[in-house]
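Please treat every number below as a calculation from the coordinates, not as lab data. Because the structure is a prediction, the values reported are computed rather than measured. All Cβ positions, glycine included, derive from the backbone under ideal geometry; neighbour counts span all protein chains shown.
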Amino acid sequence: MHYFLKALFLYILFIIPPNCYAQKESTRVYNSTSIFLQLFGPEFLGVNLNYNINKRASLNLGLGVLLDGHIGTNIYVTDRSYHTSSMYIGTQAALINYNPIFGSSSEMQIGLYIPIGYEYIAKKGFTIQFDIGPNLVRHDWGQANTEVLNASLKIGTTIRSKK
């Protein structure tokens, strides 16, 4: 399944140009918050919160089911006030646990995930993100979130600022 997600991301990356959906500036992406359900990536399965600090940058925070987590930022290629989609590059410092539910010992490590991704925000707020990139960790524990090449799929909603 993890390889399927990577292949899907690459397929979408090459068939959908980042500026193909234009809209008016009134969408107000900056000062908005996006809430996602995340599959794979630093948490494997969890929730992700993006706070869009301006038209081209967001801060993000994630927490996984097995208490993995990350904090990071995304920088977007296009001005998201005028486009519903954009490519981005991010950096995420992650705290990764060694499968504490099924493992006999409880270990953790800090990693760095550097994704290149694609985001689409619909007019009503539906939001989807795909990303893929190197996952710099000390030990590969055979878990999806400790592989050298990682990817994530995030599906959620963006709550726009009223200002």
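Ranked highest first by average number of other Cβ atoms within 10 Å, how do 111-117, 122-128 line up? Walk me through the intermediate numbers first.
Values: 111-117: 19.7, 122-128: 13.4.
Ranking the peptides 111-117, 122-128 by packing returns 111-117, 122-128.
What is the order of 78, 158, fewest Cβ neighbours within 10 Å to most? Kindly include the intermediate steps, with their values, before the conclusion.
Details: 78 17, 158 22.
Placing the least packed residue first, the sequence is 78, 158.
Can you sort 152, 81, 32 by how many other beta carbons sit within 10 Å, fewest first?
Numbers: 152 28, 81 16, 32 22.
Ranked by crowding around the Cβ, least crowded first: 81, 32, 152.
Along the positive direction of the dipole of the range 29-163 (beta-carbon charges: Lys, Arg +1; Asp, Glu -1; about the Cα centre), which of 94, 78, 60 reaches farthest?
78
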